[in-house]
Each structure stands twice: as C-alpha cells, then as structure tokens.
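Each value in this text was obtained by applying a stated rule to the coordinates, not by laboratory testing. The structure displayed is predicted, hence computed values, not measured ones. Quick reminder, even Gly has a Cβ in these numbers, built from the backbone with ideal geometry, and neighbours come from all protein chains shown.
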Amino acid sequence: MSSVVISGDTSGAITLAAPTVAGTNTITLPATTGTMALTTGQIGMKNRIINGNMVIDQRNAGAAVTTSSSYVTDRFAQAFANASCSFQQVSDAPTGFINSLKLTVTAGSAPSVGTNNVILQKIEGLNVTDFGLGTANALTFTLSFWVKGSVTGTYAVSFTNSAFNRSYVATYTINSANTWEQKSVTIAGDTSGTWLTTNGIGLQAIWDFGSGTNLNTTAGSWQAGNYYRTSACTTIASTTNATLQITGVQLEVGSAATTFDFRSYGTELALCQRYYYAPAISTGIFGGLYNNTSNGMVVVPHKVTMRAAPTITYTIGTGSLNGTYLTADQSIVYIATNTPYLSAFTASIEL
Amino acid sequence: MYKLFNSIDANATKIVIRTTDGACIPFDSANTDYQAYLAWVAQGNTPLPAEETK
C-alpha cells in the first residue's frame with residue numbers, strides 16, 4: 001500500500017502517502033484529542049539566527065576583515081588575539097547555499113589565558129521570548145549549521161546569556177578536512193540564571209576556534225560562568241593557514257534540526273538593518289534648512305526601526321557638525337551650512 | 001578616546017564623539033558603544049572637553 005486516503009463526510013480528502021525511498025518513517029501524532037498543530041517554533045520565524053546563510057554583508061561587501069572584535073557578514077561578529085586572522089564572506093558554500101563566512105588564520109599563535117578566539121551571533125531577547133530561558137518552562141532548542149575546516153577534530157559551539165554567567169558548551173566533530181559537513185546540537189533550555197527578553201542580548205551562539213584555557217569546561221550541561229570549549233577541542237588559532245567556514249546556521253525550537261528556513265533576500269536584509277544600516281549613497285543625502293539660513297539638517301529615515309538609538313558615522317559635504325537627533329526610527333544631523341548634505345552615513349546599534 | 005559635544009539645539013540628542021572614527025554615540029543605555037564609553041570612564045579616563053557652542 002503506497003497511500004491511504006481519508007475522505008471527508010461531504011467533500012474533500014486527505015492523502016497520506018509513503019515516501020518513494022527505502023526505509024520506514026514514523027509520524028507520531030499528539031497524544032491528546034483536538035486539532036493537530038505544528039510544534040512551537042516550526043512556523044513563523046523558525047530560524048532565530050539572522051543572516052544564517054551569510055548572504056548579507058553590508059559593512060564589507062565581501063572584503064576581508066582583519067581587525068578583531070568587529071563584524072564580518074551582518075550579525076556575525078568575531079574576536080581573536082595572539083594569532084592574526086582574516087574573516088571574509090566567500091562564495092564557497094554547500095549545495096543550496098551561495099555564501100559562507102570563512103576564517104583564515106594568517107599567523108598562528110597559541111592562545112594565552114583569557115583569549116577569546118570566536119565567531120558569534122548575539123540574538124536579541126525579543127526574538128527568543130518563547131524559549132522560556134531561566135524558567136521552569138525553558139524549551140529545548142537545536143542549532144544546526146554547515147561547517148568546512150582544514151583541520152579535523154573536535155570543536156565547540158557554546159551558548160551564553162547576556163551576563164556571561166550561564167554557559168552551555170556542545171561539541172561537534174569535523175571528520176573530513178576541507179569538506180562541507182552539516183552538524184547539529186540540541187540543548188535543553190536553561191532553567192536557571194537571568195536571560196533577557198528585552199532588546200538586549202537574549203542568547204549568544206559562539207563558535208570557538210581556540211580560546212584560552214580559562215574558557216574550558218565540561219560539555220553537555222549548563223554551567224555557572226563563561227565557557228566556550230573543552231580541553232579536548234582543536235585549537236586552530238595556533239595553526240597558520242588553518243581555515244574554518246560556516247553557513248546555513250539555524251537556531252530553532254525543538255529537539256531536531258529541520259531544513260534551513262530560507263527567507264527572501266529583502267526580508268533578511270531588513271532583519272539585519274535593525275542592527276546596522278548603511279544606505280547606498282551616490283551623490284549624497286540632501287537636507288534642508290532650519291532656524292536660519294546658515295543652519296542645515298539632513299534627515300536619514302531608517303529603513304526599519306532599529307533596536308535603539310544608533311551610533312552614527314557620516315561624512316559632511318560642507319560645514320561642521322552642529323548636533324544630532326538620534327532615535328530608533330531616524331537620524332538627523334545638524335550642520336552649520338546652508339547647503340547640507342552627507343556623502344556617507346552608517347547607523348549601528350549592534351548588541 | 002572620546003570627546004564631549006555640545007549641540008546648538010537644547011533638544012538635540014546628547015552625544016559623545018569617539019575620536020578614532022568620529023562616530024556620534026547617543027547617551028542611550030541600550031547602545032553598546034555608550035556602554036563601552038561608560039566603562040571607559042569608570043576605569044578613570046576623562047573625555048576631551050567639548051568645543052564651545054557655536
């Protein structure tokens with residue numbers, strides 16, 4: 001029998017069909033009577049990671065980043081010390097993806113105590129309110145991603161709260177060098193600690209590539225304190241020319257990784273612009289006058305409401321800065337000139 | 001290093017200038033750059049004074 005058809009009393013029908021591949025698949029129905037619903041988190045914004053497929057790179061447009069504690073692809077930050085590293089959005093990706101974030105250790109050096117050698121994404125608390133972290137109702141969640149590394153071995157990804165005083169380290173293995181492999185780790189949500197459900201940091205996902213030994217702990221359980229790895233983890237920060245790439249990053253509610261939640265490019269860009277906005281400027285953003293003929297202002301409406309009032313950078317056409325009016329929705333730059341315009345502008349309110 | 005800034009408009013956002021890149025940092029507790037500035041001050045550092053209001 002390849003399918004079962006359940007016909008409605010008056011019209012319509014539901015067909016349950018077996019897959020056309022070998023093996024047995026089981027669908028477990030809810031143990032209660034009522035309308036069957038999908039598990040929380042499987043619809044809507046299933047993936048709480050923003051830009052998990054690394055397609056948005058507003059800051060660098062694919063250029064290499066060699067400064068520590070800065071952003072590479074949108075929403076993905078990095079930090080390193082002792083070693084010299086280069087991070088870059090590249091077009092090498094597994095089937096179904098077009099970009100990945102690539103780390104290259106350009107000059108390896110053993111990490112000293114206290115060194116953070118990590119790639120991370122800080123997730124806004126408002127985007128994980130349903131996780132129930134820090135409560136008895138904390139949900140189980142799963143992180144999945146594709147990884148490609150030049151050095152095989154055990155690696156770690158960890159999760160921390162905003163105060164860095166609750167941590168969970170999970171390990172994964174790169175089995176084959178320079179080969180895309182998909183990994184997933186499932187975590188029972190933390191029922192202790194303080195976890196923000198505000199516009200602050202709700203949850204941090206951190207990929208270690210060789211941090212200091214003070215960040216070692218035992219994998220597989222929530223710990224009080226800040227930890228990124230275990231003593232068994234590979235330290236590629238000390239290996240010149242070692243590489244590590246990730247893409248297809250997904251964090252979702254549930255105990256199993258599901259298919260990557262592809263969102264439209266425009267949707268993904270808008271999600272990124274809540275934290276960083278760099279409008280393309282060709283001839284300038286022009287403004288008008290206020291108060292009198294020598295005081296101008298340029299109003300830059302943000303494409304989406306930002307997380308909070310942003311830090312801005314700008315290049316003034318003529319004149320000098322008279323002041324700013326900065327909110328989550330717009331940035332206004334006051335300039336001492338009667339011909340106000342900006343030739344460059346960025347707004348940043350990262351976590 | 002940071003530099004204080006006085007706007008000509010009393011209703012404007014209070015900001016501090018990060019001298020390394022000229023960024024305007026609003027006095028907003030949710031802004032991590034402002035948090036970094038406060039931490040810098042808490043370490044005993046003092047920002048450069050603001051220029052006189054035009």
Quiz item: Just from the alpha-carbon atoms, what are the Rg and Dmax of chain B in angstroms?
Solution: 11.0, 31
Quiz item: Over all Cα pairs of the stretch A:82-133, how is the pair count split among 5 Å bins, expressed in % and running from 0 up to the last occupied bin?
Solution: 4, 14, 15, 15, 15, 16, 14, 7, 1
Quiz prompt | Cα-based equivalent ellipsoid of chain A: semi-axis lengths in Å, sorted from largest, via gyration tensor | solution = 39, 29, 20
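Per the helix-only calculation at 222 nm, which mean residue ellipticity applies to the protein assembly as shown, given -39500 (n - 2.57) for every DSSP H run of n ≥ 4 and division by its residues, nearest 500 deg cm²/dmol? All intermediate terms of the calculation are to be shown ahead of the outcome.
Details: 2 runs with 20 residues, N = 405.
-1500 deg cm²/dmol, from helical runs alone.
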Self-check item: chain B: angle of helix B:32-42 to the longest principal axis, Cα-based, in degrees nearest 10
Solution: 80 degrees
Quiz item: Quick one: what Rg and Dmax do you get for the stretch A:233-295 from the alpha carbons, in Å?
Solution: 22.2, 64
Practice problem: Using θ = phi - 60° and the Karplus relation 6.51 cos²θ - 1.76 cosθ + 1.60, list the HN-Hα couplings for the stretch A:186-194 in order, rounded to whole Hz, with x at every Gly or Pro. | Solution: 10, 10, 6, x, 6, 9, 10, x, 10
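Quick one: what do you get for the stretch A:269-351 if you divide its Cα Rg by 2.2 N^0.38 Å?
Numbers: Rg = 12.5 Å, N = 83, 2.2 N^0.38 = 11.8 Å.
Compactness ratio reported: 1.06.
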Quiz prompt | Residue-by-residue Karplus 3J(HN,Hα) for the stretch A:102-114, coefficients 6.51, -1.76, 1.60, Hz, glycine and proline x | solution = 10, 9, 10, 7, 7, 8, x, 7, 4, x, 8, 4, x
Practice problem: Work out the count of Lys pairs in the protein assembly as shown where the Cα-Cα distance is under 20 Å, with the pair 8 or more places apart or on different chains. | Solution: 10
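Arrange the following residues from fewest to most other Cβ atoms within 10 Å of their Cβ: A:Val5, A:Val21, A:Val147.
Values: A:Val5 9, A:Val21 6, A:Val147 23.
By the 10 Å Cβ count, ascending, the order reads A:Val21, A:Val5, A:Val147.
Taking a quarter of the surface of the convex hull around the Cα atoms of the stretch A:133-215, what do you get in nm²? Spell out each step's value before the answer.
Values: hull surface 24.1 nm².
If I average the Cα hull's projected area over directions, I get 6.0 nm².
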Quiz item: Applying the Karplus parametrisation 6.51 cos²θ - 1.76 cosθ + 1.60 with θ = phi - 60° to the phi angles of the stretch A:343-348, what ³J(HN,Hα) value in whole Hz is obtained for each residue in order, glycine and proline being reported as x?
Solution: 9, 7, 7, 9, 10, 9
